[in-house]
1. Please tell me if Ala315 is under 22 Å from Ser11 (Cβ atoms) and aliphatic (A, V, I, L, M).
2. Specify which of the listed residues (Val413, Val466, Val422, Val426) is of a type in the set (Val, Ile, Thr), surrounded by 12 or more Cβ atoms within 10 Å (Cβ to Cβ) and more than 26 Å from the chain's Cα centre (by Cα).
3. Given the residues Asp394, Asp369, Asp386, which is the only one that is surrounded by fewer than 14 Cβ atoms within 10 Å (Cβ to Cβ) and farther than 28 Å from Phe192 by Cβ?
4. Please work out which residue is most open to solvent (accessible area, probe 1.4 Å), limiting yourself to region 319-335 and to residues that are within 14 Å of the ligand (Cβ to nearest atom) and more than 17 Å from Thr407 (Cα to Cα).
5. Looking at region 86-204, what helices (runs of 4 or more DSSP H) fall wholly within it and have at least 3 residues that are open to solvent by 40 Å² or more (accessible area, probe 1.4 Å) and either on the phi < 0 side of the Ramachandran plot or basic (Lys, Arg) (or both)?
6. Is it the case that Val473 is touching a helix residue (DSSP H, G or I) at 6+ places or on another chain (Cβ under 6 Å), among the β-branched types (Val, Ile, Thr), part of a helix (DSSP H, G or I) and open to solvent by less than 30 Å² (accessible area, probe 1.4 Å)?
7. Being outside any helix (DSSP H, G or I) and within 19 Å of Val422 (Cβ to Cβ) is the filter here; which residues of region 234-268 pass it?
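The values are calculated or read from the model by the stated rules, or taken from the named source; none is laboratory data. The structure displayed is predicted, hence computed values, not measured ones. Cβ: placed from backbone, ideal geometry, glycine included. Neighbour counts: every protein chain shown. Ligands, DNA and RNA are stripped out before the accessible areas are found, and what is left, the full protein with its side chains, is counted by its heavy atoms. Shrake-Rupley method; radii C 1.70, N 1.55, O 1.52, S 1.80 Å.
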Amino acid sequence: MNYISTRGAGSNERHTFFDILLGGLAKDGGLYLPADYPRVSADELARWRTLSYADLAFEVLSKFSDDIPAEDLRSLTRKTYTAQVYSNVRHEESAVQITPLKTLGEENGTTISLLELSNGPTLAFKDMAMQLLGNLFEYALAKHGETLNILGATSGDTGSAAEYAMRGKAGVRVFMLSPHKKMSAFQTAQMFSLQDPNIFNLAVEGNFDNCQDIVKAVSNDHAFKAAHKIGTVNSINWARVVAQVVYYFKGYFAATQSNDERVSFTVPSGNFGNVCAGHIARMMGLPIDQLVVATNENDVLDEFFKTGVYRVRGAAETYHTTSPSMDISKASNFERFVYDLLGRDPARVLQLFRDVEEKGGFDLAASGDYARVKEFGFVSGKSDHDDRVNTIRDVFERYHTMIDTHTADGVKVARENLKPGVPMIVLETAQPIKFGETIREALHREPERPAAFVGLEKLPQRFDVVPADTAVVKAFIAERT
Ligand SMILES: *Cc1c(COP(=O)(O)O)cnc(C)c1O
């Protein structure tokens, strides 16, 4: 399997899965994609239907990573996708399924269900890919005799998922910046209660933007970056995207009786990483009818799918909402889909994303490309705070199921896109406990708390407070690497 950049540079070079595993952007600023999407045959699809999650992950991943020996990949997926790692289930009987499918009920002539992706250690879907990434990184670094220092900024979900994936891994350290005293008590406790010596929590005296600016400044210092082996684990990482392809297959098998049926997925979306994996599953031949992109008030993606205009938002137009993991000003994985939409023409992708940098966006409305969005199955919708509150309440009353704010955005938009006879699967991206304030507003009761998290906020915390100063952060890293 050869990987290419969406912007076309170095197209005569070969990049394997291993080559791009530890990196981020391609050298020309584009994103990596396989030169061709592997197809799944009818025979394979039939055989995959009954596999365990770990073995299904092996089958899907082996189509994208032929430079990892099969027995190594098999042991990596079996080590990652265990009932023990994904143990925060709400029903005992679903523990072994890793991603249980919970049927809500019948609406508009079809079945609507939730694919539970948030039973991992940090109670958000990012664990699905990040846990594998932790094991892949450890494996790759050991093979090359290297070490890696992951630097990131977080306001919640990504940072904790990365820390829980990398804790105790040989050859890896994590330096995670977060805005001091600005995360919820639960999210702070999740990260800061980790006592592993390879995890460093830096509480920055400033806001999330200050944290991101420091990460950017450090990454732009190429000499420092090389000397201290700095890397990232952000959502454009190809291995993260491909690990997410697996649960689209798993969800499809759980919602259907035979491989002649079609299903639709609704995906609460921010950076387009999760739904990009759905797009790839569909390109591989999984019978997906529609991919429904659900946004919150930050509707960059909904606007594109409705109008063909992609317009990046400034800070004043980027809203802090009660589904904060979808609060984005631009969708960093979107370029991967645009590449396919434009018939894989890197020169045009380069031009469009230059327009994004210089003019803040592009407009495909007048071109034939936008009309092709439908061929790829994409539709979209948006949801706001009142929709979230109403949906959380309605799903609780009607189906006795408590959902989080992001999943509520998904259910709201899914309901606007139901087709009789086509099962609708909404991806559940987090558990309600992470966003307790809105649960209390909607239901006047406390969110459900998985047993492992009782008393979390009372555990001792390990973190260092630092000023919003790049030099201080660099010195902190330099002392420890
Ligand atoms: C990260 C996240 C999202 C958005 O996923 P993308 O891959 O960025 O589209 C949605 N919901 C939750 C809970 C998240 O943590």
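1. In short, no.
2. Step by step, each of Val413, Val466, Val422, Val426 is checked, and only Val466 is of a type in the set (Val, Ile, Thr), surrounded by 12 or more Cβ atoms within 10 Å (Cβ to Cβ) and more than 26 Å from the chain's Cα centre (by Cα).
3. Matching residue, one of Asp394, Asp369, Asp386: Asp386.
4. Lys330
5. The helices (runs of 4 or more DSSP H) meeting that bar are 126-144.
6. Yes.
7. Across region 234-268, the qualifying residues are Thr256, Gln257, Ser258, Asn259, Asp260, Glu261, Arg262, Val263, Ser264, Phe265, Thr266, Val267.
For every residue, the table says whether it meets (1) modelled with pLDDT of 95 or more; (2) among the acidic types (Asp, Glu); (3) within 22 Å of Ile98 (Cβ to Cβ).
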position: Ile425; (1), (2), (3): yes, no, yes
position: Glu441; (1), (2), (3): yes, yes, no
position: His444; (1), (2), (3): yes, no, no
position: Gln461; (1), (2), (3): yes, no, no
position: Val473; (1), (2), (3): yes, no, no
